[in-house]
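J.: The structure that follows is given in the form of structure tokens.
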Amino acid sequence: MAKAKPKKAAKRLAHNETICPNCGEVVRIRKDPALAAILSFIFFSLGQFYNGQVGKGVAFIALMFLMLGLMLMFAAVRQGWGLLVAFWLSFGVIYAASIYDAYVSAKRLNES
């Protein structure tokens with residue numbers, strides 16, 4: 001009885017790679033940085049999910065909910081307007097950071 005040849009181990013694909021159905025070659029998927037930024041602007045962290053960075057997207061969402069929870073808590077106990085304004089500014093900074101990160105990450109993914 002002839003021995004079967006062992007199969008080659010399949011190459012593990014990166015999150016921005018796929019196999020072309022026509023030729024079988026590994027093809028790199030390019031991400032549009034502008035689209036990633038627009039998606040993060042429309043819905044918080046959507047650009048990170050578009051880029052395939054699920055963990056980072058979940059972390060940004062968790063941070064945003066934490067900030068929203070703190071804002072609501074301090075607004076409920078009326079700790080003063082200064083603190084509430086500081087939380088809103090922090091919220092805006094995190095939101096802007098999410099948009100910027102989605103754009104830069106998409107560019108970086110295309111370069112690697």
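The values are calculated or read from the model by the stated rules, or taken from the named source; none is laboratory data. Because the structure is predicted, anything quoted here is derived from the model rather than measured. All Cβ positions, glycine included, derive from the backbone under ideal geometry; neighbour counts span all protein chains shown.
J.: For A86, only one of the following conditions fails: (1) free of Cβ contacts under 8 Å to residues at least 12 places away in the same chain; (2) small (G, A, S); (3) within 25 Å of R12 (Cβ to Cβ). What is its number?
T.: Against the list (1) free of Cβ contacts under 8 Å to residues at least 12 places away in the same chain; (2) small (G, A, S); (3) within 25 Å of R12 (Cβ to Cβ), A86 comes up short only on (3).
J.: Could you tell me how many of the residues in segment 28-45 are surrounded by fewer than 15 Cβ atoms within 10 Å (Cβ to Cβ) and either more than 20 Å from L109 (Cα to Cα) or in contact with an Asp or Glu (Cβ under 9 Å, 6 or more places away or on another chain) (or both)?
T.: Matching residues across segment 28-45 total 4.
J.: Related question: Mind checking which pairs have a first residue in segment 92-112 that is farther than 9 Å from S40 by Cβ and a second that is assigned to a helix (DSSP H, G or I) and of a type in the set (D, E, K, R), Cβ under 8 Å, 6 or more apart or different chains?
T.: Pairs that qualify, where the first residue is farther than 9 Å from S40 by Cβ and the partner is assigned to a helix (DSSP H, G or I) and of a type in the set (D, E, K, R), are S105/K56.
J.: Which ones in segment 89-112 are surrounded by 14 or more Cβ atoms within 10 Å (Cβ to Cβ), more than 17 Å from the chain's Cα centre (by Cα) and of a type in the set (G, A, S)?
T.: Passing the criteria: only S90.
J.: Would you please name the residue that is modelled with the highest pLDDT, looking only at residues in segment 36-50 that are among the aromatic types (F, W, Y) and within 12 Å of Y95 (Cα to Cα)?
T.: So, considering only residues that are among the aromatic types (F, W, Y) and within 12 Å of Y95 (Cα to Cα), the one modelled with the highest pLDDT is F41.
J.: In addition: Within segment 60-88, take every residue that is loosely packed, with under 14 Cβ neighbours inside 10 Å and closer than 23 Å to A36 by Cα and give me the one that is nearest to the chain's Cα centre (by Cα).
T.: Checked segment 60-88; the qualifying residue nearest to the chain's Cα centre (by Cα) is A62.
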